[in-house]
Amino acid sequence: MMKTKLLLGLFLATITGTMLIGCGSAESGTTIKVVGSTTVAAPMEKLDEAYSLIQPDINIEVQGVGSSAGVKAAGDGTADIGMASREIKESEKELGLNEIVIAKDAIAVVTHPANTVKNLTKEQVKDIFEGTITNWSEVGGADKDIIVICREDGSGTRSAFEEIIGLEKDFNGKTVSSVVPTAVIQEGNGAVKATVASKESGIGFVSLGYIDDTVSPLNINGVEPSVTNTLAGDYTISRPLLILTKGEESAELQEFIEFILGEQGQEIISENYIPVK
Amino acid sequence: MEKTMKNIFWLCAGLTVMCILFIGGFILIKGIPFFSHTNLIEFLFGQHWMPSGEIFGIYPMLVASFYATLGSITVGIIIGISTAIVITQILPTRLADMCSKTIDLLAGIPSIIYGFFGLMVIVPILEKHFGGKGGGLSLLAVIIILSFMILPTIIRMTEVSLRAVPNEFKEGAYALGATRLQYIFKVQLKAAKSGILAGIILAIGRALGETMAVMLVAGNTPLIPSSIIDPVRTITANIAMEMAYAAGVHQQALFATGLILFVIIISINICMQLLIKKLERR
């Protein structure tokens, strides 16, 4: 009898224990919750790592869930800092957020390394993604049908790309993306890169930080996509990386933001993106 | 003591049922509000999926999912049932055992590995031989990958039901002068049909619900495919791909998509259960 009761006790303890683990343990110190764009979340995690050495008491929680969710979270106060990898939309302005540009990101148009086309104008890029130009021979390449590879709807990189290139059209009175409907859609910068790398007649776009030898970045209007060219404003397919706060910032928050914009923070950002200071 | 343990078991069983109710309820609550934006008919039969303009029609994806499931199930049934017959009836025991174990291994491979294999091996082969708008990323690639994935389910279920057919049937058939093939096709398969059908239902569920592997090889173009080498987007891929960044109506639309998928899978299950019952009664 004793034994069975003990077993029963253990059983219940395990169940409650498992439930409690899910709740997570409370850590000492202040927690700063940073929520939003996955593009910004990547450097933010590195910033968090570096900052924890300086301020071990401050606990920074980074969640990459997308720009729109980041703006929303900053607006309704579920996050202390929102992250966005695009300009704030008109409809989001009314949330009254403070916008701080922490870096710039450039989007590179990429093709297979074997492709002989190395330069396109912004108009040609637009025509290719809209499906008006369908063969590489029309832009000086081989006689091959172009396979357009695009990010999924809702992606910050895609909306930034569409906005900069002007890939918008009117459809039944609504403004919709004018990327050719037959385009192959892949989720994430990595998947787009891998697909372009495996298709000789493919064309896609990825964040500048994702470029490596498996794909070849195109010059746009004769300008190479690079950090220097983006900062100088010559390379035009670029976007800001924003952090958003609402209302009066606490001292801890201000300190963290100063760290991001300071020398060390900007150096960390410069590993993948283009620092602003 | 016995009573307490009984209660605990009840609690555990209750938890499982609660999970299903919660998931169903959650999808309903998240998905239903969407239908004030687009009505059900427009949503189901709308030809355009343009979240940027808040135009949501999942017809192309329903069609793609239907073709992909139909295609893979057809291939799966033909190859799967034949394999099961070979394993149970024709191969010597030791070889059959090896075959059986290999198939089990096939069932244990994670779906992302199937997808990766498809992307790296099957898609380039298709691109070389057929080309197509998606450069090999196509409905055909999806069907091939899904066929691989559902084979173990069909083979295993068929194998088990074939083995469950009483030996008397065999003796009876042979006594009446049936050949081996006549026995297999006219007696054994018929006697095992409810088990085989159950396997097919499981396979349909898996084919319809598979996401990761499909997403990698489908090309994910939200258009009705005009040929088998056109890129397609299935219902599941639509949800998985866009959920990460979706907000507002777009997110609701994805939940509504999930709701439709949920309803389809439940209806298929119910229909098939009824069919099995009917078959068993005969």
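Those strands (runs of 3 or more DSSP E) of region A:73-172 in which 3 or more residues are in contact with a strand residue (DSSP E or B) (Cβ under 6 Å, 6 or more places away or on another chain) occupy A:81-84, A:97-111, A:147-151.
Of all residue pairs spaced 6 or more apart or on separate chains, those with beta-carbon atoms under 7 Å, a first member in region B:131-157 that is at pLDDT below 90 and a second member that is in a helix (DSSP H, G or I) and of a type in the set (D, E, K, R) are B:135/B:127; B:136/B:127. The condition (being at the interface with chain B (Cβ under 10 Å from one of its Cβ atoms) and assigned to a strand (DSSP E or B)) is satisfied by just one residue among A:176, A:206, A:180: A:176. Condition (residue is over 26 Å from the mean Cα position of the chain (by Cα) and more than 21 Å from residue B:264 (Cβ to Cβ)) applied to region B:17-36: is it met by at least one residue? Checked region B:17-36: at least one residue is over 26 Å from the mean Cα position of the chain (by Cα) and more than 21 Å from residue B:264 (Cβ to Cβ).
Report yes if residue A:48 is modelled with pLDDT of 90 or more and either within 30 Å of residue A:233 (Cα to Cα) or touching a Ser or Thr at 6+ places or on another chain (Cβ under 6 Å) (or both), otherwise no.
Numbers: modelled with pLDDT of 90 or more: yes; either within 30 Å of residue A:233 (Cα to Cα) or touching a Ser or Thr at 6+ places or on another chain (Cβ under 6 Å) (or both): yes.
When the stated conditions are applied, residue A:48 passes them.
Residue by residue, here is whether (1) under 30 Å from residue B:33 (Cα atoms); (2) at pLDDT 90 or above; (3) in a helix (DSSP H, G or I) holds:
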position	(1), (2), (3)
B:223	yes, yes, no
B:230	no, yes, no
B:255	yes, yes, yes
B:272	no, no, yes
B:276	no, no, yes
B:279	no, no, yes
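Just a yes or no: is a residue in region B:191-212 away from chain A (no Cβ under 14 Å), among the basic types (Lys, Arg), in contact (Cβ under 8 Å) with a residue 12 or more places away in the chain and closer than 22 Å to residue B:119 by Cα? Reasoning before the result, please.
So in region B:191-212, the residues away from chain A (no Cβ under 14 Å) come out as B:191-210.
So of that shortlist, the ones also among the basic types (Lys, Arg) come out as B:193, B:206.
Those still in the list that are in contact (Cβ under 8 Å) with a residue 12 or more places away in the chain too: B:193, B:206.
Among the residues that remain, those that are also closer than 22 Å to residue B:119 by Cα are: B:206.
Yes, that holds for at least one residue.
I'd like the full set of residues that are surrounded by 15 or more Cβ atoms within 10 Å (Cβ to Cβ) and assigned to a loop (DSSP other than H, G, I, E, B), limited to region A:235-269. Correct list: A:235, A:236, A:237, A:249.
Could you please let me know if residue B:165 is in contact (Cβ under 8 Å) with a residue 12 or more places away in the chain and either of a type in the set (Lys, Arg) or in contact with a Gly (Cβ under 6 Å, 6 or more places away or on another chain) (or both)? Steps first, answer last, please.
Numbers: in contact (Cβ under 8 Å) with a residue 12 or more places away in the chain: yes; either of a type in the set (Lys, Arg) or in contact with a Gly (Cβ under 6 Å, 6 or more places away or on another chain) (or both): no.
Against the criterion (in contact (Cβ under 8 Å) with a residue 12 or more places away in the chain and either of a type in the set (Lys, Arg) or in contact with a Gly (Cβ under 6 Å, 6 or more places away or on another chain) (or both)), residue B:165 does not qualify.
Of all the numbered requirements in (1) under 16 Å from the mean Cα position of the chain (by Cα); (2) surrounded by 15 or more Cβ atoms within 10 Å (Cβ to Cβ), residue A:190 misses one, and that requirement is (2).
Filter region A:153-168 down to residues that are farther than 20 Å from residue B:240 by Cβ and within 9 Å of another protein chain (Cβ to nearest Cβ), then give me how many there are.
2
The values are calculated or read from the model by the stated rules, or taken from the named source; none is laboratory data. If you're wondering where the values come from, they're calculated on a predicted model, not measured in any experiment. Reconstructed Cβ throughout: ideal geometry from the backbone, glycine too, with neighbour counts over all protein chains shown.
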